[in-house]
Amino acid sequence: MKGTLTHSLLILATSTLIMVGGAVAQTTTNSDTSGAGPGKVDPGHPRVNEVNQREENQQDRVANGIQSGQLSAGETKNIENGEQRLVNNEKKDMAADNGHLTKQDQNQLNREENHLSNRIYDDKHNARTQTSGGSGGGPGKVDPGHPRVNQVNGREENQQDRIAQGVKSGQLTPKETAHLEKGEQRLQHNEKQDMKADGGHLTKQDQKQLNHEANNMSKKVYKDKHNARRK
């Protein structure tokens, strides 16, 4: 009886140690990647900090491109999808190396950042802008004689400004920004399609529907900027 009790206690103690060890390992793994992301400072990890600083610099350039109108919604969406992939790769490397980045990791991440940097430059200096295109539809465009078009354009510009501010401040992650810009791109496409169908005008019904879409986008921008996620 005594031997059975001792054996049972030994099994219980071993199981407890395994459970505690697993919990500690899980906590360590989760915290290993906490220092990754644009602008984060991870004490004692200079390679991580160098990559993070470059990520922040590129987010600032994207924000400036949105604010100035040099980056269209579609271009911003694609760039931010690339930025999110970069952050995910950084976290994956850090998780594999106990919270550190090896020299090889750093070199690979810098190559990815170089590629994104070139893409930002190209997109900011090509012919596509938020106001390019043949029609009067688009953020901030002024189309004389078309007050409904101008009202919708003004709302699109205001929302682009709010997104730019969120990217700059870190309130919007690259993933959130990409999703928002996908919605903005869809809104702008719908406006142009409506204008094309109505001889360059927007009907009252068109304007009402586009404002409904803009309201939904506005709520998404607010929600994403005020949640717990940060870049």
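Brief remarks on what is shown
- Each of Ser218, Gln193, Gln207 was placed along the dipole of segment 181-231 (beta-carbon charges, centred on the mean Cα), and the one lying farthest toward the positive end is Ser218.
- Over segment 90-153, relative contact order from alpha-carbon pairs under 8 Å, at least 6 apart, %: 15 percent
- Each residue was assigned an accessible area with a 1.4 Å probe, and for His100 the value is about 90 Å².
- Of Asp32, Asp97, the order by accessible heavy-atom surface (1.4 Å probe, DNA, RNA and ligands excluded), from most exposed downward, is Asp97, Asp32.
- Extension gain for Asn57 to Asn114 (0.36 nm times residue separation, less C-alpha to C-alpha distance): 19.3 nm.
- Among 215-224, 137-146, the peptide with the highest mean count of other Cβ atoms within 10 Å heads the list, and the full ranking is 137-146, 215-224.
- Gyration tensor verdict on segment 58-190 (Cα atoms; rounded if a/c is under 1.5, prolate if a/b is larger than b/c, oblate otherwise): prolate
- Amide hydrogen neighbours beyond the local backbone of His201, cut-off 5 Å, H modeled: none
- For segment 32-82: accessible area per residue (Å², 1.4 Å): 36 Å²
- Listed cross-link partners Lys92/Lys175; Lys182/Lys220; Lys182/Lys225; Lys124/Lys220 are compared with a 20 Å cut-off, the Cα-Cα value being larger for Lys124/Lys220.
The values are calculated or read from the model by the stated rules, or taken from the named source; none is laboratory data. Since this is a predicted model, take the numbers as computed values, not measurements. Backbone-built Cβ (ideal geometry, glycine too); neighbour counts: all protein chains shown. Side chains are part of the model used for accessible areas, which takes the heavy atoms of the whole protein and leaves out ligands, DNA and RNA. Shrake-Rupley method; radii C 1.70, N 1.55, O 1.52, S 1.80 Å.
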